[in-house]
Amino acid sequence: YTASYSWSSAYDDGEGAFYVPMNSYDPGADWGRAGFNRRHRYNFGVNMQAPFGTLLSVDAFGNSGRPYNITTGSDDNNDLQTNDRPEGVERNSADGPSFFVVDMNLSKTFRLNDSGTQVSIYATMDNAFNLVNLRNPSGVLTSSFFGIPTSASSARDVELGMRYQF
């Protein structure tokens, strides 16, 4: 069994080399929560011998939502950028949806001879319970999609395979 939990807090003044500050005349006003920061992260895993000589592994991962910006969608400060935030709203002040997924793997190995040659068959499921994990919504106040997530992380993915080892 494995389990972990972490709490983090990260602040910065931009989102990379091509980031444009909200106010080109006052880039220091963009000091705020880092866009990659997820306050809470946790995972749990178990690997065990299952019936009929099979191996089962289950891994669960989760985190709180990623921060994102609320913007007006217009150039309120006349700096030719339409990424201005409403008065008093800090950068990355909104919280996106949380994330949770369970991955599973079931495998069985057959030894073919005494020389170590073996064949393994396996089934792997990513997002085994097919949970919908929404991505951050639009933060543009003038958008008809404001506050609505328009995409999601991957749905369940099943992989069946065979491995020959010699």
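The values are calculated or read from the model by the stated rules, or taken from the named source; none is laboratory data. Being a predicted model, the structure only gives us computed values, none of them experimental. Because the Cβ atoms are built from the backbone with ideal geometry, glycine has one as well, and the counts that use them run over all protein chains shown. To get the accessible areas, we keep the full protein, side chains included, count just its heavy atoms, and leave off ligands, DNA and RNA. Shrake-Rupley method; radii C 1.70, N 1.55, O 1.52, S 1.80 Å.
The charge dipole of segment 30-166, taken about its Cα centre with unit charges on the Cβ atoms of Lys, Arg (+1), Asp and Glu (-1) only, comes to about 640 debye. Volume of the convex hull of segment 10-93 (Cα atoms only), normalised per residue: 127 Å³. The share of Cα pairs per 5 Å bin across the chain, counted from zero up to the longest distance, runs 2, 8, 12, 14, 13, 11, 9, 8, 7, 6, 5, 3, 2, 1, 0, 0 percent. Below 8 Å between Cα atoms, with a sequence gap of 6+, how large is the relative contact order for the chain in percent? Here the relative contact order equals 18 percent.
3J(HN,Hα) along segment 75-87, derived from phi through the Karplus expression 6.51 cos²θ - 1.76 cosθ + 1.60 where θ = phi - 60°, amounts to 9, 6, 10, 6, 9, 6, 10, 9, 10, 6, 9, x, 3 Hz, with x in place of Gly and Pro. With the simple spin-label model, which puts each label point 7 Å out from Cα in the Cβ direction, the Asn133 to Val158 separation comes to 2.0 nm.
Per residue, the accessible area of segment 32-166 comes to 61 Å² when a 1.4 Å probe rolls over the protein heavy atoms. When Rg and the Kirkwood radius Rh are both evaluated on Cα atoms of segment 90-166, their ratio Rg/Rh stands at 1.33.
Split the accessible area of segment 70-149 by element, probe 1.4 Å, and carbon with sulfur accounts for 56%.
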